[in-house]
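So the structure is just underneath, and the comments pick up after that.
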Amino acid sequence: MKNKIIVAGNIIVDHLYPIAGFPERGQLTTILDGIGKSVGGAVCNVGIDLKRLMPDTEVAALGLVGEDDSGDFALETMRGAGVDVSMVGRRGATSFTAVMSDTVSRERTFFQYRGANALFSEDSFDWDDMDCDILHVAYILLLDALDEEDAEYGTKLARLLCHARERGIRTSVDVVTETGERFARLVPPALKYTDLCVINEIEAGRSAGIPLRAEDGSLIGENVRPCLRRLFELGVGEWAVIHCPEGGFGMDRAGNFAVCGQIPTPPGYIKGKVGAGDAFCAGVLSAAHRGMSLAEALKLGNAAATVSLNAPGATEAMTTVEECLRTADEFGEGPLPVNPD
């Protein structure tokens, strides 16, 4: 097994603006002091988390950034965390998200510019350099060129994942949460060539056509197993994993089911929730790379997500696999959201 994971897809720079309340349409609000900047997107978040979880594993980024200061910032941040950025190309303008952080309601609103991410395609891949155990690609629905239709495979991303599998690479995907009909059109073709599917409960429900949230927001526990089974029917090859605030669920290709409850945290522990989903994904991928069981993968994913909450940004709090598991053991496990039997 190659001791290397490649994370491909979205590279984003987040511009953070604290505002004095979100305005009505056509009205004005004030941007307060505390304007900041950080990296975001699956390549930055999952890549940096993987490297911090497994310092002895090679983690490489694959994507596009612009020929601008934001591109420099993204590359310097990942390089500083030990992520190999030699496969990141530079074209156009770096993708960015303007994050309006409402200091009154504590809610955030996002304005996203696709930029170089929209140009990222299979042409960006040099298969001679793709000597890795796992290729993780994210996010489906936010990579314009790879989301394009393909007459043979359904989407360009599905074609890419098929080519990776043909080279003995395990494939992994994540999806961005979005409303509309694109889930049914763009996600299933990619799942046909996916070994490790790690997505949240909203994305899983829309991909499978089986809702996991009731109108009152409660989890529909009896739909969890049918949803996981449906993901395998769509083509997932190894693990189908769903994460949500209540915990995590998983199923392997043999139909074995695993579940873990949310890890309780002490008062004041949570400093921010940005990147918790990416941290969970990084934990599961770390477990898969290390040959751990599905149940162990859920525990590690849950632990990594919990550790990530201890800092305002997406990756600052992340530490090693061993430290994450120690934190999980120290805090204990909350009630299981569904019956494990």
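The values are calculated or read from the model by the stated rules, or taken from the named source; none is laboratory data. Note that the coordinates shown come from a computational prediction; the quantities given were computed from them, not determined experimentally. Virtual Cβ from ideal backbone geometry, glycine too; neighbours counted across all protein chains shown.
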So G205 clears everything in (1) touching a Leu at 6+ places or on another chain (Cβ under 7 Å); (2) crowded, with 19+ Cβ neighbours inside 10 Å; (3) in contact (Cβ under 8 Å) with a residue 40 or more places away in the chain except one condition, right? Which one? (3)
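Take residues that are touching a strand residue (DSSP E or B) at 6+ places or on another chain (Cβ under 8 Å) and loosely packed, with under 15 Cβ neighbours inside 10 Å and tell me which of the strands (runs of 3 or more DSSP E) falling wholly in the range 13-115 contain 3 or more. Quick ask: steps written out before the conclusion?
Numbers: elements: 36-40, 58-62, 96-102, 108-113.
Filter on the range 13-115 gives 108-113.
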The conditions are (1) in contact with an Asp or Glu (Cβ under 7 Å, 6 or more places away or on another chain); (2) within 30 Å of L28 (Cα to Cα); (3) modelled with pLDDT of 95 or more; (4) among the charged types (D, E, K, R), and D69 fails exactly one of them. Which is it? (1)
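Quick grid of which residues meet (1) at pLDDT below 95; (2) buried (at least 20 other Cβ atoms within 10 Å of the Cβ); (3) of a type in the set (A, V, I, L, M):
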| site | (1), (2), (3) |
| --- | --- |
| E122 | yes, no, no |
| D129 | yes, no, no |
| V137 | no, yes, yes |
| Y153 | no, no, no |
| L157 | no, yes, yes |
| V173 | no, yes, yes |
| P189 | no, yes, no |
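Would you mind stating whether A184 is of a type in the set (G, A, S) and surrounded by fewer than 16 Cβ atoms within 10 Å (Cβ to Cβ)?
Criteria met by A184.
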Among (1) of a type outside the set (S, T, Y); (2) at pLDDT 95 or above; (3) under 25 Å from A254 (Cα atoms), which single condition is R213 missing? (3)
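Looking at the range 116-141 only, could you name the residues that are touching a strand residue (DSSP E or B) at 6+ places or on another chain (Cβ under 8 Å) and part of a loop (DSSP other than H, G, I, E, B)? Full working, then the answer.
Applying the first criterion (touching a strand residue (DSSP E or B) at 6+ places or on another chain (Cβ under 8 Å)) to the range 116-141 yields 116-117, 119-120, 124-125, 130-141.
Matches in the range 116-141: F120, F125, M130, D131, C132, D133, L141.
Does R108 count as touching a residue at least 12 places away in the same chain (Cβ under 8 Å) and either closer than 17 Å to V187 by Cα or under 21 Å from the mean Cα position of the chain (by Cα) (or both)? Before the answer, list the steps.
Values: touching a residue at least 12 places away in the same chain (Cβ under 8 Å): no; either closer than 17 Å to V187 by Cα or under 21 Å from the mean Cα position of the chain (by Cα) (or both): yes.
Here the answer is no, as R108 does not meet what is asked.
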Is there any pair linking a residue in the range 78-99 that is closer than 15 Å to E67 by Cα to one that is surrounded by fewer than 15 Cβ atoms within 10 Å (Cβ to Cβ) and among the basic types (K, R), with Cβ under 7 Å and at least six apart or on different chains, and which? V85/R79
Restricting attention to the range 236-281, and to residues there that are under 25 Å from K51 (Cα atoms) and charged (D, E, K, R), which single residue is farthest from the chain's Cα centre (by Cα)? K271
Which condition does E246 not pass, out of (1) acidic (D, E); (2) surrounded by 17 or more Cβ atoms within 10 Å (Cβ to Cβ); (3) in contact with a Cys (Cβ under 7 Å, 6 or more places away or on another chain), if it passes all the others? (3)
Out of (1) in contact with a strand residue (DSSP E or B) (Cβ under 9 Å, 6 or more places away or on another chain); (2) surrounded by fewer than 24 Cβ atoms within 10 Å (Cβ to Cβ); (3) at pLDDT 95 or above, the odd one out for G291 is which? (1)
Just one of the numbered conditions (1) modelled with pLDDT of 95 or more; (2) aliphatic (A, V, I, L, M); (3) part of a helix (DSSP H, G or I); (4) within 21 Å of A304 (Cβ to Cβ) is not true of I202; which one? (1)
I'd like the residue in the range 300-341 that is of a type in the set (S, T, N, Q) and within 17 Å of V241 (Cβ to Cβ) and, out of all such residues, is surrounded by the most Cβ atoms within 10 Å (Cβ to Cβ). S308
Examine the range 173-192 for a residue that is over 27 Å from I263 (Cβ atoms), of a type in the set (S, T, Y) and not in a helix (DSSP H, G or I), and state whether such a residue exists. yes
